Amino acid sequence: MPDEPMILVVDRTQRNLELVAQLLSRHGYQTLTGANLEEFDHILAEPQKIALALVDIGGFDRRIWLRCERLLEKQVPFLVLAHRQSAAIQQESLVHGARGVLIKPLTIQTLLASIRSLLAESA
Amino acid sequence: MAKEVGTRISTGVTGLDEILDGGLIPGRAYLVRGGPGTGKTILGLHFLTAGVARGEKPLFVTLEEPEGQLRKNAAAIGLNLQGVTFLDLSPTSDFFAKAQTYDIFTPAEVEREPITQKIVEQVEARQPRRIFLEAMTQFRYLSPDGFQFHKQVLSFLRFLMDKGITVLFSSEASAMAPDDDLQFVSDGIIQLDASSERTVTILKYRGSDFHGGPHGLRLGSDGMEVFPKLVSEERGRPFTPEIIRSGVPELDEMLHGGMTRGMVTLISGPSGVGKTTVGVQFMKEAAGRGEHSVVYLFEEWLESFVHRCEAINVPVRAMIERGTLTVRQVEPLRYSSDEFNRLVRRAVEERDARIVMIDSLSGYQLCVRGGNIITHIHALTRYLKNSGVTALLINEVEAITGEFHATELGISYLADNLIFLRYLEVQGELHKAIGVLKKRMSDFEQSLRELEITRYGLKVGQPLRGLRGILTGTPQLVNHQIAGDGLRHPRPPRQNWRIRSDEQPE
């Protein structure tokens, strides 16, 4: 279904990827998933249009910020997911182009609302 | 509290049904709470198999132990789970081995819906009449907060009860995660404990009477057994002042005819003085009348008891064979007092025992496990009295001679009759004496008599007169001296020995 927005989800935890993919699929979104930097790079190299990215920075090192900058360059709006509230993470995320930071664990309603809002904004 | 009229359903544990005033009111939800190893799951298994016995299709919802393990445990206690459906929602090993952990959403967001869906599907498909759910507290992890948990549990229970299902659900309360909210939403609370001894207590039962307080419980190879505390009001025979004799004329004379049936008699005295023999004498006579008596031996071995009774002309073996006597050896550390009381109750209600002898109270005290023996023995004797059963309580006192104590347990007030036995030291020889200190229903002989246990049986002599200080164990002569061949009185004074060398006859 080509009209359904494509959402990229990057997360080192396989179960997180599965859960988000299932959720987004149920709500009419297509998903691409990446579980490490290599997969992330590979997806970024692909020509398909990505409407939005969710980047869970848990388990990644600082190189994740370079990929975030690539998303920014490609004009893909993205949200950073972090496991704790931290001013440093907030600042780094915004500096590298994130539209916002969501703290895990998320509620499904919050995540969906954030996605809808960002997509509407981009449109 | 008014009793609810209507059918009750069995928990599968007879004693528990009894304290629940007949069982569970169907279509309601009951909380089973208790620490680890208290028997919550076993109770659930009994509850479900009782449903199978009624042709139902019960459902076991497990969020903890896997089905295979539960089936094994049930088989170990002889419970056949054929007919019980399991909904196994316990985590599989994949959860650990295949990195099934997640942190992006709360468990409430991820797990609740599928779990709820599975339960609803099973309930719709099987239409069970009873469900055991272990453990409801697991749902707490599937709720974002206490309010949601409370609401979800209420809604879940309502869903089941709307279908007329009787629900038993367990909780695992701890200081960190109390289950007070579950206590409020349930219609009844069955509390299991295993601290000093295993007990079950009904804390709440909406719309029904129940037997309060802790009741003894055993988890054994046959599963769970509950031993309700004796409630004397349960039975009641009209009192008839019937006399039962010992068959030893002198002893009956001391009691002005004998004991009154249905009374409690304390037979007290030091070790080896003949307390058991005196008690057995009443049973021997009862056997002659075709009555059934029961002896509970807490200290002595059965064989030794039989042997020594036979040696003194009490045909215990024949009495046992004829069914007029049951001798039961009781290991006090194995039985709780409630469990022991249950044995007595069975003997009374199922075998129509008319005399029950507890030999001895010291052994019974061990069953009480540090509790108050007076409370327990009070309940037992009240029950026996209400049932018209004669109770003989053998009480051993420590002191051989010296200051007299009828009993060292503070239970003499419980006794309607108090027979005491004493050693008397006379010129370096020990003699035995028997006396009556109390008899509620009639007068009794105030003097002591010498007691002898011979191969022909119990021999009680004539009243000992002319002595003082008998209760000290070292009696002194008042008017005349005592013969060296015994303490037979009256008899002519003979100067062959005196009780104490420094005592001169008056």
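Over the alpha-carbon set of region B:14-228, work out the extent along each principal axis and list the three values in angstrom, largest first.
51, 37, 35
For the pairs B:72/B:163; B:40/B:151; B:151/B:204; B:118/B:204; B:72/B:118; B:72/B:229, flag any whose C-alpha to C-alpha distance is greater than 28 Å.
Beyond 28 Å between Cα atoms: B:72/B:163; B:118/B:204; B:72/B:229.
Using the Cα gyration tensor of chain B, with a ≥ b ≥ c the square roots of its eigenvalues, what is the shape: rounded (a/c below 1.5), prolate (a/b larger than b/c) or oblate (neither)?
Because a/c hits 1.5 or more and a/b exceeds b/c, chain B counts as prolate.
In region B:267-357, what trypsin sites (Lys or Arg not before Pro) fall in a loop by DSSP, with at most 16 other Cβ atoms inside 10 Å?
B:289, B:334
Could you tell me which of rounded, prolate or oblate describes region B:40-83, using a ≥ b ≥ c as the square roots of the eigenvalues of the alpha-carbon gyration tensor, with rounded for a/c under 1.5 and, failing that, prolate when a/b is larger than b/c and oblate otherwise? Spell out each step's value before the answer.
Details: a/c = 1.78, a/b = 1.37, b/c = 1.29.
In terms of gyration-tensor shape, prolate.
Assign one of three labels to region A:6-122, namely rounded, prolate or oblate, based on the Cα gyration tensor with a ≥ b ≥ c the square roots of its eigenvalues; rounded applies when a/c is under 1.5, prolate when it is not and a/b is larger than b/c, and oblate otherwise.
Cα axes put region A:6-122 in the rounded bin.
Mean separation of Cα pairs under 8 Å and 6+ residues apart, divided by the residue count of chain B: what relative contact order is that in percent?
Relative contact order for chain B comes out at 13 percent.
If you take the beta carbon distance between residue B:465 and residue B:440 as r and set R0 to 22 Å, what does 1/(1 + (r/R0)^6) give as a FRET efficiency, to the nearest 0.05?
My answer for the efficiency is 0.30.
Can you tell which of B:254, B:184, B:86 lies farthest toward the positive end of the dipole of the protein assembly as shown, using +1 and -1 charges on the Cβ of basic and acidic side chains (Lys, Arg; Asp, Glu)?
B:254
Using only alpha-carbon positions, what ratio does the radius of gyration of the protein assembly as shown give when scaled by 2.2 N^0.38 Å?
So the protein assembly as shown has a normalised radius of gyration of 1.52.
In cubic angstrom, how much convex hull volume per residue do the alpha carbon atoms of region B:157-207 span?
Expressed per residue, the convex hull around the Cα atoms of region B:157-207 is 94 Å³.
Rounded to the nearest 5, what % of the DSSP beta bridges within chain B are antiparallel ones? Could you put the intermediate results ahead of the total?
Values: 37 of 85 bridges.
In chain B, approximately 45 percent of DSSP beta bridges are antiparallel ones.
Using θ = phi - 60° and the Karplus form 6.51 cos²θ - 1.76 cosθ + 1.60, what ³J(HN,Hα) does each residue of region A:50-66 get, whole Hz, x for Gly and Pro?
Running phi through 6.51 cos²θ - 1.76 cosθ + 1.60 with θ = phi - 60° gives 10, 7, 6, 10, 10, 10, 8, 7, x, x, 9, 9, 5, 5, 4, 5, 5 Hz.
Could you run the Karplus curve 6.51 cos²θ - 1.76 cosθ + 1.60 with θ = phi - 60° over region A:13-19 and give me ³J(HN,Hα) per residue in whole Hz, x for Gly and Pro?
8, 4, 5, 4, 4, 4, 5
What's the exposure ranking of B:240, B:137, B:14, going from fewest to most Cβ atoms within 10 Å?
Fewest-to-most ranking of B:240, B:137, B:14: B:240, B:14, B:137.
Assign unit charges at the C-beta atoms only (+1 for Lys and Arg, -1 for Asp and Glu), then state the dipole size of region A:6-122 relative to its Cα centre in Debye, rounded to the nearest 20.
280 debye
We did not get these values from a lab; they are worked out from the coordinates using the rules stated. Please read these numbers as outputs of a predicted model, since none were measured by experiment. Positions of Cβ are backbone-derived with ideal geometry, glycine not excepted, and every protein chain shown enters the neighbour counts.
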